[in-house]
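The values are calculated or read from the model by the stated rules, or taken from the named source; none is laboratory data. Computed from a prediction, not measured in an experiment: that's the story for all the values here. Cβ sites come from the backbone with ideal geometry, for glycine too, and all protein chains shown count toward neighbours. In case anyone asks, the SASA skips ligands and DNA or RNA and just uses the protein heavy atoms, side chains included. Shrake-Rupley method; radii C 1.70, N 1.55, O 1.52, S 1.80 Å.
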Amino acid sequence: VALDSISDNDHTLEVKAVDIYGVESEIVSRTFWVSKKEPVSTLVSPDLTETVKEIVILSGEAFDENGIREVSVSLDNGITFNKTRGREKWSYRADSRILGDGVNSVIIKAVDNLGTEGVSASIITIDNTPPSITLDRPGDGELFTLSVPLEGRISDDLSLSSINLEIIKLSETKEEESTLRVMELPITSLLLETLDSSDLTPGWYNLRFTALDKAGNSTTLSRNLILEEEHSLA
């Protein structure tokens, strides 16, 4: 019996013999299983374009004509495997902090009801390290007039999502504050910008820089400075 003429799953073969006088034997039957393909499994979430951090829920799907007995995943290049919750639709809770930042492999092993294994591989991108901000200017307590130079370095091990600058007016006692403006700065590792402060009144201000990466990690750094009228420096 050619395998391409029958489908996967269980089949029953029945045999009987008939002699020349037409006397039939008892029917003898045997059940056998067919598995022509390995199980197929895929990682559905997180998406390949997503960057994750901390606790990550891996989820996916597995399929085989003979049904799925179990699914397990490996995050150490196949050295160890851990069983998932579910079979055709499965999930696994992983702590990404035990892995390194960057691209990590996910190996998925599905076993069908006949014990046939199918292995597939995917990747996840992990980033548990917040961005780094270093400001050379403005210095804390520095005095300016019409413009404020913004100089420094803002970087992330993988990729930045946004860099924002919040301009906050401080009161005389510095106990009260009000946000005047929020600016989105260019996403670049080298910060070389100039803040036009000509429309701001003299006084104490706080510049609050916030860098956000694609995994949602953020770093904030602030500088207090003084704005004076232009003639006060003459």
_In segment 50-73, the residues that are in a loop (DSSP other than H, G, I, E, B) and either over 12 Å from Ala110 (Cα atoms) or of a type outside the set (Gly, Ala, Ser) (or both)_ = Glu50, Lys53, Glu54, Asp64, Glu65, Asn66
*May I ask you to verify whether Pro149 is assigned to a loop (DSSP other than H, G, I, E, B), touching a Ser or Thr at 6+ places or on another chain (Cβ under 7 Å) and either farther than 22 Å from Glu193 by Cα or not hydrophobic (A, V, I, L, M, F, W, C) (or both)?*
no
*Those residues that are among the small types (Gly, Ala, Ser) and surrounded by 14 or more Cβ atoms within 10 Å (Cβ to Cβ), I need them from segment 22-60; list them, please.*
Ser35, Ser41, Ser59, Gly60
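Table: residues versus (1) aliphatic (A, V, I, L, M); (2) touching a Ser or Thr at 6+ places or on another chain (Cβ under 7 Å); (3) under 30 Å from Asp157 (Cβ atoms).
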| residue | (1), (2), (3) |
| --- | --- |
| Ile20 | yes, no, no |
| Ile27 | yes, no, no |
| Phe32 | no, no, no |
| Val52 | yes, yes, yes |
| Val56 | yes, yes, yes |
| Asn77 | no, yes, yes |
| Asp95 | no, no, yes |
| Ile108 | yes, yes, yes |
*Quick check: anything in segment 144-153 loosely packed, with under 13 Cβ neighbours inside 10 Å, under 17 Å from Leu185 (Cβ atoms) and touching a residue at least 40 places away in the same chain (Cβ under 8 Å)?*
yes
_Please verify whether Arg208 is touching a strand residue (DSSP E or B) at 6+ places or on another chain (Cβ under 9 Å), at pLDDT below 90 and in a strand (DSSP E or B), treating the condition exactly as stated._
no
*Go through segment 115-140 and give me each residue that's more than 25 Å from the chain's Cα centre (by Cα), over 30 Å from Asp8 (Cα atoms) and surrounded by 14 or more Cβ atoms within 10 Å (Cβ to Cβ).*
Leu135, Arg137, Pro138
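Every residue, every condition in (1) touching a residue at least 24 places away in the same chain (Cβ under 8 Å); (2) in a loop (DSSP other than H, G, I, E, B); (3) hydrophobic (A, V, I, L, M, F, W, C), yes or no:
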position: Thr31; (1), (2), (3): no, no, no
position: Leu48; (1), (2), (3): yes, yes, yes
position: Asp76; (1), (2), (3): no, yes, no
position: Ala94; (1), (2), (3): yes, no, yes
*Going by the structure shown, is Asp112 out of contact with any strand residue (DSSP E or B) (no Cβ under 8 Å at 6 or more places or on another chain) and either of a type in the set (Lys, Arg) or open to solvent by less than 70 Å² (accessible area, probe 1.4 Å) (or both)?*
no
_In segment 215-230, residue farthest from the chain's Cα centre (by Cα) [restricted to those that are outside any strand (DSSP E or B) and of a type in the set (Gly, Ala, Ser)]_ = Gly216
*asked:* Cβ contacts < 6 Å: first residue assigned to a strand (DSSP E or B), restricted to segment 184-196; second residue aliphatic (A, V, I, L, M) and surrounded by 10 or more Cβ atoms within 10 Å (Cβ to Cβ), any location; separation 6+ or different chain. Result?
replied: Leu185/Ile163; Leu185/Leu165; Leu191/Leu150; Leu191/Ile154; Glu193/Leu150; Leu195/Val148; Leu195/Leu150
*asked:* Give me the residue from segment 33-46 that is assigned to a strand (DSSP E or B) and among the hydroxyl-bearing types (Ser, Thr, Tyr) and, out of that set, nearest to the chain's Cα centre (by Cα).
replied: Ser45
